[in-house]
Amino acid sequence: MFDWFRNVWIAVSTVIKGMWVTLFTMGKTYQRKAFAEIYEYPETPVPVKARYRGFHRFDLTTCIGCEKCAAACPVDCIYIEKEKSPVGKGFRIDGFTIDYTKCMFCALCVEPCPVDCIFMGSNHDLSCYSRDGCVVDYAKLPLETAWGQATLNPTSVSESKVLYEPVWVKGEPSPFEYSEAE
């Protein structure tokens with residue numbers, strides 16, 4: 001009989017201790033600031049760690065079209081369209097598409113690249129209303145975004161859906177390079 005009362009007492013005291021911890025933790029949430037009060041997102045970007053694996057950055061000027069990143073991708077979310085370059089040797093990149101509905105941000109595509117043209121960025125927000133907005137063709141993005149000088153956002157992705165040709169062709173002068181005459 002004594003064991004039964006002892007077991008009931010242990011059960012009741014354990015539940016009371018657990019409820020006290022729950023109430024104490026719930027009370028602490030009312031003392032801290034809301035996320036929007038600390039970071040005024042999207043006006044002030046949320047700080048991320050240096051090793052954060054966000055949406056990719058892709059440098060169209062250095063890509064040689066070797067497709068090593070697409071071969072290393074475990075979920076096959078990288079699609080590269082290329083053709084033989086009419087000027088010199090190498091390939092012309094017509095499309096470098098990443099399907100972010102499949103991508104698991106493992107960064108396995110970054111390591112095999114021999115020219116370091118793809119790497120993980122710090123952007124973490126690509127909100128969209130359809131799955132089509134999550135398929136990003138880096139070869140058809142606006143130049144500043146495609147070359148990593150501006151952030152990847154839903155507006156630039158939707159603009160890239162309107163373009164039907166690559167933003168830059170190897171052999172043509174770069175709009176960001178300055179000529180000697182200037």
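Laid out as a table, the results:
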{"read-out": "For the stretch 1-57, average projected area of the Cα convex hull in nm²", "value": "7.6 nm²"}
{"read-out": "In Hz, Karplus ³J(HN,Hα) per residue of the stretch 86-91 (6.51, -1.76, 1.60; θ = phi - 60°; x = Gly, Pro)", "value": "x, 9, x, 9, x, 10"}
{"read-out": "Cα gyration tensor of the stretch 56-160 - equivalent ellipsoid semi-axes, whole Å, descending", "value": "21, 16, 13"}
{"read-out": "Contact order relative to length of the stretch 1-127, as percent, for alpha carbon pairs under 8 angstrom and 6 or more apart", "value": "27 percent"}
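Values in this text are rule-based calculations from the coordinates and carry no lab data. On a predicted model such as this, the values are computed, not experimentally measured, just so you know.
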